[in-house]
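These notes concern the structure reproduced below.
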Amino acid sequence: MFQAPGSNALAVTDGVKKTMEELKQRFPADFDYAIGLDTTRSVTEGISEIVETLLIAIVLVLLVVFIFLQNWRATLIPMIAVPVSLIGTFAIFPLLGFSINTLSLFALVLAIGLVVDDAIVVVEAVEHHIEEGMSPREATLKAMEEVSGPVISIALILASVFIPVALVSGIQGRLNKQFAVTIAVSVIISAFNALTLSPALAALILRPRKEARGLLARPFAAFNRWFTKATNGYVSLSRGLIRKAAIAVLILVGFAAVDGLFGNRLPTSFLPEEDYGYLFLNIQLPPAASLERTDQVSRKVEKILKETDGVQFVTSINGFSLLNRVSASYNGFCFISLAPWSERKHTAAEILKSINGRLASDVPEAMAFAFSPPAIPGLGNSGGFHYGCRTAAADLSNYLDQNLQKFLAAARKRPELAGVGSQFSASSPQIYADVDRDKVLKQGVAIADVYQTMQAYLGGLFLNQFNRFGRQWRVFLQAEGEERLSPSDIDQYYVRNNDGNMVPLSSLVTTRRISGPEYTNRFNVYRAAQVIGSAAPGYSSGQAMAALEEVAKQTLPPEIGYDWSDLSYQERQASGTTTRVFGLSLVFVFLILAALYESWSLPFSVLLTIPIAIFGAFLGLWLRGYDLDVYAQIGLNRTNRSRGEERDLDCRVCQGGIGKGPGLD
């Protein structure tokens, strides 16, 4: 079952399950049903995990804020900002045409840590003036005169970072758009909240801070001593760097150089492979193998899958392959539904490796292999990469096949590649029927009648339709199976000539055995062969694609072109957009800060700290062995926002201090 455009996948799934339960009441006692494959299980599980992460993030933010503010009154104000901002963001979703999905919930998880920032700035400013002896109302008014500008500038900086991300075209832009806009909307609502609700709450509930007592007194005192020591150390280091600016410049240059080195060395990819809770399996026997042989191999594969830990259901289809969407007697395909995540000990990748190991050793009579679904449903039929070799040559069966085998042999030697193969085969045994046109004309037979007769008896010919029993039936003309088993059966077929006499078809047609492709794919108009595979363990998809392109340049002649398809095409199209988007975000941040400060020099104090933040991001990716993919790119743009926000507050404090007279140190 497929959902209609615009429908909700989870609602459709629930409706189908409910309908099946109602129909089950009418089933015979010994009849039952099972859902062999449910592609929405990963959506449900992913949303549940993100909601759990959302709650954990709220609790962690609450603890951190309470530890630093050490006052439940002060902690309450930032925490109220979280539900207000999140609910406000959900209210905007219908207006923007957004849905609650993995990316939007992921954005909300990150937004939790952002939306409390503005409220904390307000609370800290109000508490500072309360400690100086002002009443809560007077302290709030004084604080808002000081922090309104920074709060507004923080919201503008965030929008300047994420709006360019949302404007990126292509599939990457579609992935980034909802994430970026969700964060931007939530923090803009948070800024509005910090300018309205947070000051009102501060004036109502904040009181002069008292020394902590009870069980929390000693932990708070120890934390304050440690934090004071860390602050003094940071101030001393900053004072030294201010006095020796050359050292600070060298440090920044060093970080920038390391960033460039990291950026070139980090493996790149588009999207990580996910555990969707199901796998695919393709079976291909030698060309022209019978459907009976395919069925035997399928049953053998089913037995292996049933013995594999973590496999719940297996649905087999003989005579069809989802990889090339071709019906052939020697093709088979299996949909493998894995057990729920909480009921299995292994990930989909581990189960996939185990299945392929068993298939390689236990099924030598066929090429059987399991593979993961595409990272984005609808973009291709499998995970990994998709490569197309195309040619305009007339001799497809020889020229393309010979060069394709050379290409595959060279690709399988590359350490970056794994499971490289192609479904294309030019060696399928075939029977070529050669019509002698001269004899046909001499016998007074129409050429069209000869071909129509062969089609009707050997392949089938549609005649008409009729209505019976409230249904419409189609009528086909075809010889019985036992009457079309061999080329000699053509001797039994006759065609009528212009005189009304029956002429044996065997006198007009001769047959011979040849070999050729069972089917022909088209790629960018030309006849082509599709190559599939994946990156070897320890390598990224970007490295695998670069290796495959290098092999193609070394082995394929100029007459054979090549290009990427499906998700690999989108990855290639998206390459290079990170640098452009990151640079555009920096330009937006610089222009907004220049307008806020009314200075062209102060924004550089904000932007010059970004190389250090990027180094931290690259170091984390390198230590954890992650690729520089779409999610990492979103994180890098998030770094722009964080650095801009923090340095903006620093600059505001410095400007205020300089206005009062003390030096920079």
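Which ones in segment 431-461 are surrounded by 15 or more Cβ atoms within 10 Å (Cβ to Cβ), under 23 Å from PRO287 (Cα atoms) and hydroxyl-bearing (Ser, Thr, Tyr)?
The answer is none; no residue qualifies.
What residue, among those in segment 159-215 that are among the aromatic types (Phe, Trp, Tyr) and out of contact with any Lys or Arg (no Cβ under 9 Å at 6 or more places or on another chain), is modelled with the lowest pLDDT? I'd like the intermediate steps shown before the answer.
If we filter segment 159-215 for residues that are among the aromatic types (Phe, Trp, Tyr), which is where we start, we get 162, 179, 192.
Next cut, out of contact with any Lys or Arg (no Cβ under 9 Å at 6 or more places or on another chain) only: 179, 192.
Details: PHE179: 76, PHE192: 87.
Looking at the filtered set, the residue picked out is PHE179.
Which residue out of LEU114, LEU60, LEU76, LEU95 is under 15 Å from ALA194 (Cβ atoms) and either outside any helix (DSSP H, G or I) or open to solvent by 70 Å² or more (accessible area, probe 1.4 Å) (or both)?
Numbers: LEU114 fails: either outside any helix (DSSP H, G or I) or open to solvent by 70 Å² or more (accessible area, probe 1.4 Å) (or both); LEU60 fails: under 15 Å from ALA194 (Cβ atoms); LEU95 fails: under 15 Å from ALA194 (Cβ atoms).
Sole residue among the options that is under 15 Å from ALA194 (Cβ atoms) and either outside any helix (DSSP H, G or I) or open to solvent by 70 Å² or more (accessible area, probe 1.4 Å) (or both): LEU76.
Among the residues of segment 608-661, what is the count of those that are charged (D, E, K, R), at pLDDT 70 or above and crowded, with 18+ Cβ neighbours inside 10 Å? Step through it out loud before you land on a result.
Here is the first cut: in segment 608-661, the ones charged (D, E, K, R) are 624, 627, 629, 638, 641, 643, 645-648, 650, 652, 660.
From what's left, at pLDDT 70 or above: 624, 627, 629.
Now drop any that are not crowded, with 18+ Cβ neighbours inside 10 Å, which leaves 627, 629.
Number satisfying all stated conditions: 2.
Please specify each residue of segment 206-224 satisfying the condition of being assigned to a helix (DSSP H, G or I) and either under 46 Å from the mean Cα position of the chain (by Cα) or surrounded by fewer than 10 Cβ atoms within 10 Å (Cβ to Cβ) (or both). Walk me through how you get there before you give the answer.
Here is the first cut: in segment 206-224, the ones assigned to a helix (DSSP H, G or I) are 214-224.
Selection gives GLY214, LEU215, LEU216, PRO219, PHE220, ALA222, PHE223, ASN224.
Of everything in segment 401-430 that's open to solvent by 90 Å² or more (accessible area, probe 1.4 Å) and outside any loop (DSSP other than H, G, I, E, B), which residue is nearest to THR520 (Cα to Cα)?
Quick first cut of segment 401-430, residues open to solvent by 90 Å² or more (accessible area, probe 1.4 Å) only: 402, 406, 412-413.
Among the residues that remain, those that are also outside any loop (DSSP other than H, G, I, E, B) are: 402, 406.
Numbers: GLN402: 16, LYS406: 20 Å.
Across segment 401-430, the extreme among qualifying residues is GLN402.
Report, by residue number, each residue of segment 1-23 that is under 17 Å from PHE313 (Cβ atoms) and basic (Lys, Arg).
Step one: of segment 1-23, the residues under 17 Å from PHE313 (Cβ atoms) are 1, 13, 16-17, 20.
Scanning segment 1-23 gives a single hit, LYS17.
Restricting attention to segment 363-373, does a residue exist that is assigned to a strand (DSSP E or B), open to solvent by 30 Å² or more (accessible area, probe 1.4 Å), modelled with pLDDT of 85 or more and closer than 21 Å to PHE385 by Cα?
So in segment 363-373, the residues assigned to a strand (DSSP E or B) come out as 367-371.
When the remaining residues are screened for being open to solvent by 30 Å² or more (accessible area, probe 1.4 Å), the result is 367, 369.
Filter once more, so that each one left must be modelled with pLDDT of 85 or more: 367, 369.
Imposing the further condition that a residue be closer than 21 Å to PHE385 by Cα reduces the set to 367, 369.
Yes: one or more hits.
Could you look through segment 586-604, keep only residues that are surrounded by fewer than 16 Cβ atoms within 10 Å (Cβ to Cβ) and in a helix (DSSP H, G or I), and pick out the one that is nearest to the chain's Cα centre (by Cα)? Working first, answer last.
Taking segment 586-604 as the starting set, the residues that turn out to be surrounded by fewer than 16 Cβ atoms within 10 Å (Cβ to Cβ) are 587, 591, 594-595, 598-601, 604.
Filter again for in a helix (DSSP H, G or I), leaving 587, 591, 594-595, 604.
On the way: VAL587: 28, LEU591: 33, ALA594: 37, ALA595: 38, PHE604: 36 Å.
Top of the filtered list is VAL587.
Residue by residue, here is whether (1) touching an Asp or Glu at 6+ places or on another chain (Cβ under 8 Å); (2) in a strand (DSSP E or B); (3) more than 23 Å from SER327 (Cβ to Cβ); (4) open to solvent by 50 Å² or more (accessible area, probe 1.4 Å) holds:
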site	(1), (2), (3), (4)
ASP499	no, no, yes, yes
THR511	yes, yes, yes, yes
GLU518	no, no, no, yes
VAL531	no, yes, no, no
GLY542	yes, no, yes, no
VAL551	no, no, yes, no
GLN554	no, no, yes, yes
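When the residues of segment 567-585 are narrowed to those that are open to solvent by 50 Å² or more (accessible area, probe 1.4 Å) and in a helix (DSSP H, G or I), which ends up farthest from PRO415 (Cα to Cα)?
First, pick out the residues of segment 567-585 that are open to solvent by 50 Å² or more (accessible area, probe 1.4 Å): 569, 572-573, 575, 579-580, 584.
Of the ones still in play, those that are also in a helix (DSSP H, G or I) are 569, 572-573, 579-580, 584.
Values: TYR569: 22, ARG572: 21, GLN573: 25, THR579: 28, ARG580: 31, LEU584: 37 Å.
Per the criteria, the residue is LEU584.
Residue under question is ILE100, and the condition is that it be assigned to a loop (DSSP other than H, G, I, E, B) and at pLDDT below 80; does it hold?
Spelling it out, ILE100 is indeed assigned to a loop (DSSP other than H, G, I, E, B) and at pLDDT below 80.
Within the set of pairs 6 or more residues apart or between chains, which connect a residue that is in contact (Cβ under 8 Å) with a residue 40 or more places away in the chain inside segment 606-628 to a residue that is surrounded by 16 or more Cβ atoms within 10 Å (Cβ to Cβ) and acidic (Asp, Glu) with Cβ atoms less than 7 Å apart?
Once the first residue is in contact (Cβ under 8 Å) with a residue 40 or more places away in the chain and sits in segment 606-628, its partners that are surrounded by 16 or more Cβ atoms within 10 Å (Cβ to Cβ) and acidic (Asp, Glu) give VAL606/ASP648; PRO611/ASP259; ILE614/ASP259; PHE615/ASP259; PHE618/ASP259.
Scan segment 21-34 for residues that are open to solvent by 70 Å² or more (accessible area, probe 1.4 Å) and either in a loop (DSSP other than H, G, I, E, B) or closer than 16 Å to SER342 by Cβ (or both) and jot them down. Explain how you work it out, then say what you get.
Going through segment 21-34, the residues open to solvent by 70 Å² or more (accessible area, probe 1.4 Å) turn out to be 21-22, 24-26, 28-32.
Passing the criteria: GLN25, ARG26, PRO28, ALA29, ASP30, PHE31, ASP32.
Among the residues of segment 304-319, what is the count of those that are open to solvent by 80 Å² or more (accessible area, probe 1.4 Å) and either touching a helix residue (DSSP H, G or I) at 6+ places or on another chain (Cβ under 6 Å) or part of a helix (DSSP H, G or I) (or both)?
Count: 1.
Just to be sure I understand the filter: pairs with C-beta atoms under 7 Å, separated by 6 or more residues or on different chains, first member in segment 591-603 and touching a residue at least 12 places away in the same chain (Cβ under 8 Å), second member open to solvent by less than 30 Å² (accessible area, probe 1.4 Å) and of a type in the set (Val, Ile, Thr). Which pairs pass?
ILE592/ILE157; LEU593/VAL606
Go through VAL249, VAL301 for me and flag whichever is open to solvent by 50 Å² or more (accessible area, probe 1.4 Å) and of a type outside the set (S, T, N, Q).
Numbers: VAL301 fails: open to solvent by 50 Å² or more (accessible area, probe 1.4 Å).
Checking each option against the conditions leaves just VAL249.
Give the residue that is modelled with the highest pLDDT, with candidates limited to residues of segment 471-487 that are in contact with a strand residue (DSSP E or B) (Cβ under 8 Å, 6 or more places away or on another chain) and either assigned to a helix (DSSP H, G or I) or polar (S, T, N, Q) (or both). Steps first, answer last, please.
Applying the first criterion (in contact with a strand residue (DSSP E or B) (Cβ under 8 Å, 6 or more places away or on another chain)) to segment 471-487 yields 472-478, 487.
Filter again for either assigned to a helix (DSSP H, G or I) or polar (S, T, N, Q) (or both), leaving 472, 478, 487.
Values: GLN472: 90, GLN478: 85, PRO487: 83.
Per the stated criteria, the residue is GLN472.
Here are some conditions: (1) modelled with pLDDT of 85 or more; (2) under 30 Å from ILE47 (Cβ atoms); (3) open to solvent by 50 Å² or more (accessible area, probe 1.4 Å). THR268 meets all but one. Which one does it not meet?
Tallying (1) modelled with pLDDT of 85 or more; (2) under 30 Å from ILE47 (Cβ atoms); (3) open to solvent by 50 Å² or more (accessible area, probe 1.4 Å), THR268 fails exactly one: (1).
Looking only at segment 36-46, how many residues end up being surrounded by fewer than 17 Cβ atoms within 10 Å (Cβ to Cβ) and either modelled with pLDDT under 80 or part of a helix (DSSP H, G or I) (or both)?
2
The values are calculated or read from the model by the stated rules, or taken from the named source; none is laboratory data. Remember, it's a predicted structure, so these values are computed and weren't measured experimentally. Ideal geometry is used to build each Cβ from the backbone, glycine not excepted, and the neighbour counts take in all protein chains shown. Just so you know, the surface numbers come from the protein's heavy atoms only, side chains and all, with ligands and any DNA or RNA stripped out. Shrake-Rupley method; radii C 1.70, N 1.55, O 1.52, S 1.80 Å.
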